[in-house]
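Notes follow the structure.
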Amino acid sequence: MKVSLQWLGNYVKLDDLSVTQITDALPMLGLEVESVSTAGLGAMPHVVVGRILSFEKHPNADKLSVCQVDTGEAAARQIVCGAKNFKAGDCVPVALPGAVLPGGFEIKVSRLREVDSHGMMCSARELGLGENHEGLLILTERKLPVGSPINAHFPPPDTVIEIAVTANRGDALGHIGVARDLAAFFNRELKMPAPAVQPQGTEGGLVTVEVTSGTCPYYTAWSVRGVRVAPSPEWLRRDLEAVGLRAINNVVDVTNWVMLETGQPLHAFDAARIAGRALTIRNATAGEKITLLDGKAVALEEDDCVIADAEKPLVIAGVMGGADCGVGADTADVVLESAWFAPGTVRKTSRRISVSTDSSQRFARDADPAGVDFAARRAIELILKTAGGCVCAPARVTGAPPRGARTIEISGEFVRTRCGCALEDATVSDVFRRLGFDVDTQRTPWRVTVPSFRADVERPIDLVEEFVRIHGTNDIKAAAVAAPTQPVADAPVSAFTRRANALLSGQGFAECWNYTLTDGRTVARFHGADMAKALALANPLTSDQGHVRPSLLPGLLNALRLNLAGHNQPRRLFETGRVFRPNHEGALRELVAVAFAILSEPVAPSWKKREPADFFYAKKLALDVAALAGVVPQRLVFKPDGPPPGEAPFWQNGHAGMAKDRAGMAEIACGLVDAKIAQEWDVRNTLVAGEILLSLDNFANTPKRARFQEWSPFPPVTKDIALIVDATLPAADALDKVRGAATKAADKEFALESVTCFDVYTGTGLPEGKKSLAFSITYRAPDRTLTDDAVNKAFEKTIALLEKTPGYQTRR
C-alpha cells in the first residue's frame, strides 16, 4: 500500500520529522517499507507561467503549431508545440532554456522543421504532476500572474512510502490506520475527522434494500439527490495520483479517497440505472454473467455474492462493480453503498475470477465492521462538498456489525514478566491508550477494551506484542535463550533423502529443485485425463501451475533444457521431493520421489570416450536408491513399460521398464526417454532417466539398525546353468525363478550367495520363438569348504525344480 506523508499530516503532526525517522519507525511497527518516492512538482527553476498570445500552423509540419507566448519578458517567445488542447489567451507552464525537467531532460533553444523554438510548453506528466500527457497543462482558471515561477503556485512535492501490510493488519490499509500507529510511536495526538451528515428529508430513499446472502451481515445504502458530476478538485486529484490512482470524477474519486483514508471500501451507484429501484444482496445463480468495470465478462457461481437490481447483478460483492451501474457525467442521483462482506467469500471469488482490487484486498483482510457507518458519513460529507446535492433520507440499514470491541484481562506484571525488564504500570497503560485501546486500571487484573478495527488482538500475549511494538526494545536486555531439547532420531524420510542425495551426488549428479505445482496439460498427456482431473487445484494462482505434480521427470527435463540453452554441461541431474497420485478409491496419496536424468553422450567433445548410460545402468541406480529405503531388490521384477490407453509414450519402446512390489510400497520406472519427447524438450542426445516412488508407509517404522555380519573365510563354489525359455520372457523373471529354486535346493545346509545372468543367446540350434539364458549360481558355507557331492546334489535338485516349471527347459 502507498501512503502519502502530506495526507498523513491531516491526522498526525509529522512535519518536524525527517523522512528517515518515519521510514525507520514503520518497520518497528510491523509495516515494512518497500520503497520511498516523490510525487508532485519538484524544484523547477526556469519554469514559469506563460500566456499564449497567438498561434499559427507550422509551415513544414501538419501536426505542429508555432506559438507566440508571453513569459513576462520584454518580448514574446516563439515556441513550437505539438499539443492541440489550447487556445489563444490560455495560461500554461513554460520551460525556458536552461530548465531541467524530471528525468534529466534539459530545455535548449532548438530548431524544429526550420523554425526556431525558444522553450517548451509542458503537460502535467512532463512536470511530474500526474500521468496526463494528452495535452498541455491549462492554468487559465487559476488566474496566475504571467512570468511568475511555477513553484510559487503549487505545493511542495509529496513523499510517498510504499509499505507491505501483513494479512492480519487490515486496519493499516488506510491512512488513518498508519497515522494511528505513527501517533502512538511518536506519542502524538491523533486527529480524527468528525463527519456531520444530516438528512434533509424523511422519504424512504432512492432504493429499497433486501439481504438474503449470509456473506453480508451488515449493509447500508445512502441516498443523495441532485449531485453535479464534474472533475474533482485539485486536492483530491493530487492525493489520489500521489498514491497511484487515476482521477475519474468527483463522486467516484471521493469513494476511492475515503477507502484509502479509512480502509473501508465504498461503491456509488447511479440511482437511475438501478432497475426496479431495489437492491438485493444475494448469492449468484450458477451461470449468471456480469461485465465488470474493466470490461471483463465473468461467469458467476452459486458461492459468489452479488448486489443485484430487479433484473441483473450489478456488482460482485467486495470485488468490483459492473459496467452498467457506475456514476457518469449524466448522473443526478447517487446511492452510496457501505457494507461488510465475509472475508473468506470475497477472497475465494477474487481468486476464482482472477480479479484483485483495492476493495477485495481490504475485505479479504477483515475490514472493520464499525467503520462502515463512519466511512459512509465521511464520503457523504465530501460528496456534498465537491458535487453538491442533499441527503434525501436516512440511510437504509440492514443487519448489524458482526464484530465489536473485545475486552482482555491483563496486568502490568504479566507484561513485565514477558518483556523481562522493569516497567511502570503507567508506562504500559499509556501505550495501550495511545493505540486507541480503553484501559481500566482500577481493577485487578486490568480490563483492556480493544476496538473492532484491531481484529488481530485477542489474547493477553497480543497486548504484550502491541506494547513492545510501540515502546520499543531498548529496555529489553539481551540474554541467552534457554531452550533445552531432548535428542531425537532423525525423521526416516529426511534420513532417506539425505542418503539418496549423497549416493547420487557421489555418482556425479547435480541436484535440482522444482515447484511442486505443474501444468495440467503435461499431466494429462503422460498420465491421462482422469489423473489430471484428480490432481487439479481448486483455486490455482496461475494457469501453468494448476496441478500438483505426479512425477519429477518433467521438471528435470525443463532443467536440462534450461542448462543446454545456457551452454552448460548438464550431464547428470537429480531431484528428491514429493509427488501425488490418486489411489484406487480416488483419494490422493503423497509419495516420496527420487528421479534422475542422464545425457548418454557428452555435450562437448572429450579426449576419452566412456561407455554410455543405458537401461541397465538406470535400473541398477534406481535399485540402489530404493534399497536405501529398505526396499528389497529381489521383490521388484521389471517388465517392459508402455503407456496405458489415452496416455502419450514417455519411454522408448523396448528400452525401458517398470517394477512394482506386491504391497504397493515402491514403484520404479527407468530406461531411455522416447526420442520425440526428448526433442520436444530440445534435447538432441540420448536421454536416460529413472524415477523411484515410495509410499510413506516405507518410513512408518523405525528402520532396523545395521549390524555387523561375519563373512565366510571359505571359498565359494560356482555352477552354471542354461535355460531355454520364451523369447518374450524378461530375464529378470527367469533369474527370480532360478534364485528361488537354488535357495530351496540348498535348504539350510549352506547359503546361496548370488545368482547372475551372464549370457543371452538367440539363433541357430534353438526352436523358433525361444532364447537361451545362462546363469551363474554361487554357493558358500560359513563354516566349511563345500564338497563336490554337496554342491552337485543341490545343483541337480535346482535343475529338477526348474524343469518342473512350465516354459522352462534346461539346455545341456
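Using the structure shown, decide if VAL523 is modelled with pLDDT of 90 or more, part of a helix (DSSP H, G or I) and buried (at least 19 other Cβ atoms within 10 Å of the Cβ).
Yes; evaluated as a whole, the condition is true for this residue.
Among the numbered criteria (1) in contact with a helix residue (DSSP H, G or I) (Cβ under 9 Å, 6 or more places away or on another chain); (2) among the charged types (D, E, K, R); (3) at pLDDT below 95, which single criterion is violated by GLU409?
Evaluating GLU409 over (1) in contact with a helix residue (DSSP H, G or I) (Cβ under 9 Å, 6 or more places away or on another chain); (2) among the charged types (D, E, K, R); (3) at pLDDT below 95 leaves (3) as the failure.
Just to check your reading of the model, which residue among LEU64, LEU137, LEU112 is closer than 20 Å to ALA43 by Cβ, among the aliphatic types (A, V, I, L, M) and out of contact with any Phe, Trp or Tyr (no Cβ under 6 Å at 6 or more places or on another chain)?
Answer to the check: LEU137.
Do we have PHE467 as over 30 Å from PHE596 (Cβ atoms) and not β-branched (Val, Ile, Thr) here?
Considered against the rule, which asks whether it is over 30 Å from PHE596 (Cβ atoms) and not β-branched (Val, Ile, Thr), PHE467 comes out as yes.
When you go through ASN539, ASN501, ASN558 one by one, which is the residue that is part of a loop (DSSP other than H, G, I, E, B) and surrounded by fewer than 17 Cβ atoms within 10 Å (Cβ to Cβ)?
Only one candidate passes the filter, namely ASN539.
Restricted to segment 437-472, and to residues that are open to solvent by 70 Å² or more (accessible area, probe 1.4 Å) and more than 31 Å from the chain's Cα centre (by Cα), which residue is nearest to ASN168 (Cα to Cα)?
ASP438
What about ALA746, is it touching a Leu at 6+ places or on another chain (Cβ under 8 Å), of a type in the set (Gly, Ala, Ser), more than 20 Å from VAL725 (Cβ to Cβ) and open to solvent by less than 20 Å² (accessible area, probe 1.4 Å)?
For ALA746, the condition - touching a Leu at 6+ places or on another chain (Cβ under 8 Å), of a type in the set (Gly, Ala, Ser), more than 20 Å from VAL725 (Cβ to Cβ) and open to solvent by less than 20 Å² (accessible area, probe 1.4 Å) - is met.
Within segment 234-255, can you find the residues that are under 19 Å from PRO195 (Cβ atoms) and open to solvent by 40 Å² or more (accessible area, probe 1.4 Å)?
Within segment 234-255, TRP235 is the sole residue that qualifies.
What pairs can you find where one residue is in segment 177-201 and more than 18 Å from VAL450 (Cβ to Cβ) and open to solvent by 50 Å² or more (accessible area, probe 1.4 Å), the other is basic (Lys, Arg) and in a helix (DSSP H, G or I), and their Cβ atoms are less than 7 Å apart, with a gap of 6+ or different chains?
ASN187/ARG434
Out of contact with any Lys or Arg (no Cβ under 8 Å at 6 or more places or on another chain), surrounded by fewer than 15 Cβ atoms within 10 Å (Cβ to Cβ) and hydroxyl-bearing (Ser, Thr, Tyr): does that describe THR159?
Here the answer is no, as THR159 does not meet what is asked.
So which residues in segment 1-48 are in a strand (DSSP E or B) and of a type in the set (Val, Ile, Thr)?
VAL3, VAL33, VAL36, THR38, VAL47, VAL48
Quickly run through segment 750-768 and pick out the residues that are open to solvent by less than 50 Å² (accessible area, probe 1.4 Å) and assigned to a loop (DSSP other than H, G, I, E, B).
Across segment 750-768, the qualifying residues are PHE750, GLY763, LEU766.
Please verify whether segment 18-27 includes one or more residues that are open to solvent by 90 Å² or more (accessible area, probe 1.4 Å) and touching a Phe, Trp or Tyr at 6+ places or on another chain (Cβ under 8 Å).
There is no residue in segment 18-27 that is open to solvent by 90 Å² or more (accessible area, probe 1.4 Å) and touching a Phe, Trp or Tyr at 6+ places or on another chain (Cβ under 8 Å).
Please list, ordered by first then second residue, the pairs with beta carbon atoms under 8 Å, 6 or more apart or interchain, first in segment 221-241 and free of Cβ contacts under 8 Å to residues at least 60 places away in the same chain, second open to solvent by 70 Å² or more (accessible area, probe 1.4 Å) and outside any strand (DSSP E or B).
What qualifies is PRO231/ARG237; LEU240/ARG246.
Of everything in segment 676-696, what is outside any loop (DSSP other than H, G, I, E, B), under 32 Å from the mean Cα position of the chain (by Cα) and farther than 23 Å from LYS620 by Cα? Give them in sequence order.
If the condition is that a residue be outside any loop (DSSP other than H, G, I, E, B), under 32 Å from the mean Cα position of the chain (by Cα) and farther than 23 Å from LYS620 by Cα, then ILE677, GLN679, GLU680 are the ones that fit.
Taking the stated definitions as given, is ALA597 outside any loop (DSSP other than H, G, I, E, B), in contact (Cβ under 8 Å) with a residue 24 or more places away in the chain and either under 22 Å from LEU672 (Cβ atoms) or of a type outside the set (Val, Ile, Thr) (or both)?
So ALA597 fits the description; yes.
Considering only segment 134-155, I want to know if a residue exists there that is of a type outside the set (A, V, I, L, M, F, W, C), modelled with pLDDT under 95 and under 33 Å from the mean Cα position of the chain (by Cα).
So far as segment 134-155 goes, no, none of its residues is of a type outside the set (A, V, I, L, M, F, W, C), modelled with pLDDT under 95 and under 33 Å from the mean Cα position of the chain (by Cα).
What number of residues in segment 585-600 are at pLDDT 80 or above and either loosely packed, with under 12 Cβ neighbours inside 10 Å or farther than 14 Å from LEU504 by Cα (or both)?
Looking only at that region, the number is 9.
One residue is enough: does segment 422-434 have a residue meeting the conditions surrounded by 14 or more Cβ atoms within 10 Å (Cβ to Cβ), in a loop (DSSP other than H, G, I, E, B) and either at pLDDT 95 or above or basic (Lys, Arg) (or both)?
Within segment 422-434, none of the residues are surrounded by 14 or more Cβ atoms within 10 Å (Cβ to Cβ), in a loop (DSSP other than H, G, I, E, B) and either at pLDDT 95 or above or basic (Lys, Arg) (or both).
Which pairs have Cβ atoms under 6 Å, sit 6 or more apart or on different chains, and link a residue in segment 87-100 that is farther than 17 Å from HIS153 by Cα to one that is basic (Lys, Arg)?
PRO97/LYS108
Take the residues in segment 639-668 that are out of contact with any Leu (no Cβ under 8 Å at 6 or more places or on another chain) and closer than 27 Å to ALA510 by Cα, then tell me which one is modelled with the lowest pLDDT.
Step by step, filter segment 639-668, then rank; the result is ASP641.
The values are calculated or read from the model by the stated rules, or taken from the named source; none is laboratory data. Values in this document were obtained by computation on a predicted structure and should not be read as measured data. When we count neighbours, we look across all protein chains shown, and the Cβ atoms used for this are built from the backbone with ideal geometry, even at glycine. Please note that ligands, DNA and RNA were not included when accessible areas were found on the heavy atoms of the full protein model with its side chains. Shrake-Rupley method; radii C 1.70, N 1.55, O 1.52, S 1.80 Å.
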